[in-house]
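Below is one structure; the comments refer to it alone.
Each reported figure results from applying straightforward, stated rules to the coordinates on display, with no laboratory input. Given the structure is predicted, the values throughout are model-derived calculations rather than measurements. Glycine also receives a Cβ, built like all others from the backbone with ideal geometry; neighbour counts cover every protein chain displayed.
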Amino acid sequence: MQIAQQSTELGRFFVPGPTEVRPHVLEAMTRPMIGHRTPEMQELIAEIQPPLRDMFQTKRPVYVVAASGTGMMEAAVRNAARRRVLSLVNGAFSERFFRIALATGLDADKVEVEWGAAHSPEQLEDALRRDSYDAVTVVHSETSTGVLNPIRELAEVTHAAGDVMILVDSVSGIAGAPVHTDDWSLDVVVTGSQKAIALPPGLGLGVAQPNVLERAKLKRDRGTYFDFIEFEKNIQKNQTPNTPAVSLMYALAAQLATIRDETIERRWQRHAEMAERTYAWVDEMKARGIGLEVLAPEGRRSPTVTAIRLPEGWTGPRLAAAAAERGFRIAPGYGKLRDATFRIGHMGDHTLEELDALLEALDDTLQGA
Ligand code: PLP
């Protein structure tokens, strides 16, 4: 099979996941195998736990699973939702969370707002007053629209409604947008390796609070592969229930060392700066008569991904193709916004300088230079 030739130069790949992976991290994956029931693997798991907890801002263990983000969304629902789920839907991935709840046999309702909008705590409060639910699903950073939901406030409202848990998909949030799992009382937070953590795809990561485990114990249909009780039992011994993705774990250890050197706070800050730079560029283009518009409203924008409305005459796929000719990868819009928008994934290890080079190339492309 022929794989399309792509630039190996860094600073060119701005798709909102998977993101660029630094060479030393890719190289870490070439280390020889170790058996997963060995002291070496236990050491590796023990080594990665403190920086992972720092990344999620939690004292709980962080589960690392051979799965993509969707697997961890399913895990959250299977373990934490008893019967009735309320899904906050504002884009493609939050719609997926709702569908997962239905597919696992639960009753699920949704509170839907238009793609490009965020959910408000008042709206959630209202929905929780009208009916009773035992879990709320929400996407922190909606990668399809670039919207950031106010997770902390949504969690407060959720818990004020009684024994209701909040299950958070922070697949494109964690490591790029601040997440304070414990301080914000988030019951479950899940993510994937291929977004702001900047690893290859293939690892799902997640945190479950002790109250979730209490619920999970009573759920007989929580399945086998994504069983939090098994995850918990094993992580206490620095092990995993099944064969872990050993090579990806090497990469994770290498990348966590990089993130530790940067510090998670500075990583959040860098993402915020990249997002601000993108909005400033959109404004500047607009001032020059090129009708771009950030889809998400101010104050509700994700620091990791921006979806931008295009002027007449352009489509997301056309701009992405034109950018590729200049050696840069961006994404068209997602789903029903495919043509009307394009998306820049300013996440992972990208620098402001790399982003500037992309924006300059897009500038030239849009002006037909
Ligand atoms: N949730 C969000 C917000 C995402 O951006 C994605 C992937 O793009 C997913 C869930 C699904 O993750 P995966 O493709 O790793 O299963």
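Work out the FRET efficiency for ASP356 and HIS159 from their Cβ-Cβ distance, taking R0 = 51 Å, and round it to the nearest 0.05. Plugging the Cβ-Cβ distance into 1/(1 + (r/R0)^6) gives 0.75. In this Cβ point-charge picture (+1 for Lys and Arg, -1 for Asp and Glu), the chain has a dipole of about 1060 debye about its Cα centre.
DSSP bridge analysis restricted to segment 129-273 gives an antiparallel fraction near 45%, rounded to the nearest 5. With only Cα atoms counted, the chain has Rg and Dmax values of 20.4, 63 Å.
When you filter the trypsin sites (Lys or Arg not before Pro) in segment 167-232 for DSSP loop state and at most 13 other Cβ atoms inside 10 Å of their Cβ, you are left with ARG220.
Set the Förster distance to 41 Å, then compute FRET efficiency between GLU114 and ARG318 from the Cβ-Cβ distance, nearest 0.05. That pair, GLU114 with ARG318, gives E of 0.95.
Largest GNM mean-square fluctuation among SER144, SER193, SER247, using the chain with Cα springs under 10 Å: SER247. When DSSP beta bridges are restricted to pairs lying wholly in the chain, around 50% turn out antiparallel.
Here the 3J(HN,Hα) profile of segment 152-159, calculated from phi with Karplus coefficients 6.51, -1.76 and 1.60 at θ = phi - 60°, is 4, 5, 5, 5, 4, 5, 4, 6 Hz, Gly and Pro shown as x. Remark: spin-label model distance MET33-GLN236 equals 3.0 nm, labels positioned 7 Å along the Cα→Cβ axis. Farthest toward the positive end of the dipole of segment 129-192, out of PRO178, GLY192, GLY146, is the Cα of GLY146, where the dipole comes from beta carbon charges about the Cα centre. Counted residue by residue at 0.36 nm each, then reduced by the alpha carbon distance between them, the extension gain from HIS180 to GLU47 reaches 45.8 nm. Exposed loop positions in the chain were taken to be GluC sites (Glu not before Pro) whose DSSP state is not H, G, I, E or B and which have at most 11 other beta-carbon atoms within 10 angstrom. Between these positions, the longest stretch is 115-297. If you plug the beta carbon distance of ARG99 and ARG266 into 1/(1 + (r/R0)^6) with R0 = 45 Å, you get a FRET efficiency near 0.75. Among residues other than TYR279 with Cβ under 12 Å from its Cβ, the summed charge is -3 (Lys and Arg +1, Asp and Glu -1).
Computed over the chain with a Gaussian network model linking Cα atoms closer than 10 Å, the most mobile of GLY348, GLY35, GLY192 is GLY35.
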